[in-house]
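Asks: My questions will all concern the structure given below.
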Amino acid sequence: MPGSGKSTIGKAVARRLGLPFVDCDLSIERRVGCSIAEFFERKGEDAFRDLEMETIASLVLSGPSVLATGGGIVLRERNRELLRARTRCVYLSAPLELLWERLRRDRKRPLLQVADPQARLRAMAEERGPLYRETAEFVIETDGRSFHRLVEDVVQQLGATGAPGR
């Protein structure tokens, strides 16, 4: 989910594993030459999801790394299949209250620029939660854990289930 810590935790895990860190959303922004919010405004969500699908396929095949995807990556079956088949997928599960606290002032996320962003976040969590769990190799519950503990939990899970890949 947006605000779960994918980029922050991902960067630290990448350092610990000696792998490059790649942020899918930043890769998309570099590719299109504008922010995701601007792209959404000009082209719409469907065009963004098409571009996201192309980008994730390219990134997954580019070699070992720690990859932070956008929160909506699981909305397309093809992406879920690719993540299950070609990555060691981690779902950072955060309670809705924590996500809202982190995101309530964020003006960069186009899907939350609505009259009731908290209700929209809740709807996103209801739709995406089962898809995240279906896709992930393992789930890390983030509530009540420190940053360092979360990083350690991810690294340990990857080590416990085999050599880290993506």
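Asks: What do you reckon, is G63 at positive phi and of a type outside the set (S, T, Y)?
Replies: yes
Asks: Here's something else I'd like to know. Which of (1) part of a helix (DSSP H, G or I); (2) among the small types (G, A, S); (3) at pLDDT below 95 is the odd one out, the single condition G3 does not satisfy?
Replies: (1)
Asks: Give me a count of the residues in the range 38-59 that are surrounded by 16 or more Cβ atoms within 10 Å (Cβ to Cβ) and more than 18 Å from the chain's Cα centre (by Cα).
Replies: The qualifying residues number 1.
Asks: So, one more: For the range 101-122, which positions are in a helix (DSSP H, G or I) and exposed (fewer than 12 other Cβ atoms within 10 Å of the Cβ)?
Replies: A119
Asks: Return the residues of the range 74-83 that are assigned to a helix (DSSP H, G or I), in contact (Cβ under 8 Å) with a residue 24 or more places away in the chain and over 12 Å from R133 (Cβ atoms); say none if nothing qualifies.
Replies: L75, R78, N79, L82, L83
Asks: Then there is this: Have a look at E141, E127 and point out the one that is exposed (fewer than 15 other Cβ atoms within 10 Å of the Cβ) and either under 14 Å from the mean Cα position of the chain (by Cα) or under 20 Å from D50 (Cβ atoms) (or both).
Replies: Residue meeting the stated conditions: E127.
Asks: For the range 121-139, which positions are aliphatic (A, V, I, L, M) and closer than 14 Å to G71 by Cβ?
Replies: Residues satisfying the conditions are L121, A123, M124, A125, L131, A136.
Asks: Can you work out which of the residues in the range 6-45 that are free of Cβ contacts under 8 Å to residues at least 12 places away in the same chain and in a helix (DSSP H, G or I) is nearest to R109 (Cα to Cα)?
Replies: Ranking the qualifying residues of the range 6-45, first place goes to E38.
The values are calculated or read from the model by the stated rules, or taken from the named source; none is laboratory data. Please read these numbers as outputs of a predicted model, since none were measured by experiment. Every residue, glycine as well, gets a Cβ built from its backbone with ideal geometry; the counts of neighbours run over all protein chains shown.
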